[in-house]
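Trainee: Provided herewith is a single structure, encoded as structure tokens, for subsequent inquiry.
The values are calculated or read from the model by the stated rules, or taken from the named source; none is laboratory data. In this text the structure is predicted, and so the values were computed from the model without any measurement. Heads up, the Cβs are rebuilt from the backbone with ideal geometry, glycines too, and the neighbour counts pull from every protein chain shown.
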Amino acid sequence: MAAPAPRGVKALAAEREQVRPAANHARMPPGIAQKLPPAFRQLPMSTHQQIDTITADAAKREARHSLEQVSRLLQTCNACHAAYRFGP
């Protein structure tokens, strides 16, 4: 049996859909985008898609599945931050 979702997950998911679906994510200034490696430019869309999937799946109230999804997302974040850094 799936563990109950934390209170407010459905409300947060609904609010998130109204505020920022992946298709409407903010665009970075073109001057910056041109200077970034192509692989890096693809990462935000992939990350947003992962977040959208987590949000949609949260309504299923399957805590173990949600934790696995968040774990994979954090691994993606950590890998990106390790590979791409500003500075010398």
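Trainee: Pick from region 40-58 the residues that are at pLDDT below 80 and under 9 Å from the mean Cα position of the chain (by Cα): which of them is farthest from PHE86 (Cα to Cα)?
Mentor: Taking the candidates together, the pick is MET45.
Trainee: If ALA82 satisfies all but one of (1) modelled with pLDDT of 85 or more; (2) surrounded by 12 or more Cβ atoms within 10 Å (Cβ to Cβ); (3) among the small types (Gly, Ala, Ser), what's the number of the condition it fails?
Mentor: (2)
Trainee: Additional query: Please go through region 1-32 and pick out each residue that is touching a helix residue (DSSP H, G or I) at 6+ places or on another chain (Cβ under 6 Å) and either at pLDDT 80 or above or exposed (fewer than 12 other Cβ atoms within 10 Å of the Cβ) (or both).
Mentor: ALA3
Trainee: Only residues that are closer than 20 Å to ARG41 by Cα and surrounded by 14 or more Cβ atoms within 10 Å (Cβ to Cβ): list them for region 54-75, please.
Mentor: First, pick out the residues of region 54-75 that are closer than 20 Å to ARG41 by Cα: 72-75.
If the condition is that a residue be closer than 20 Å to ARG41 by Cα and surrounded by 14 or more Cβ atoms within 10 Å (Cβ to Cβ), then LEU73 is the only one that fits.
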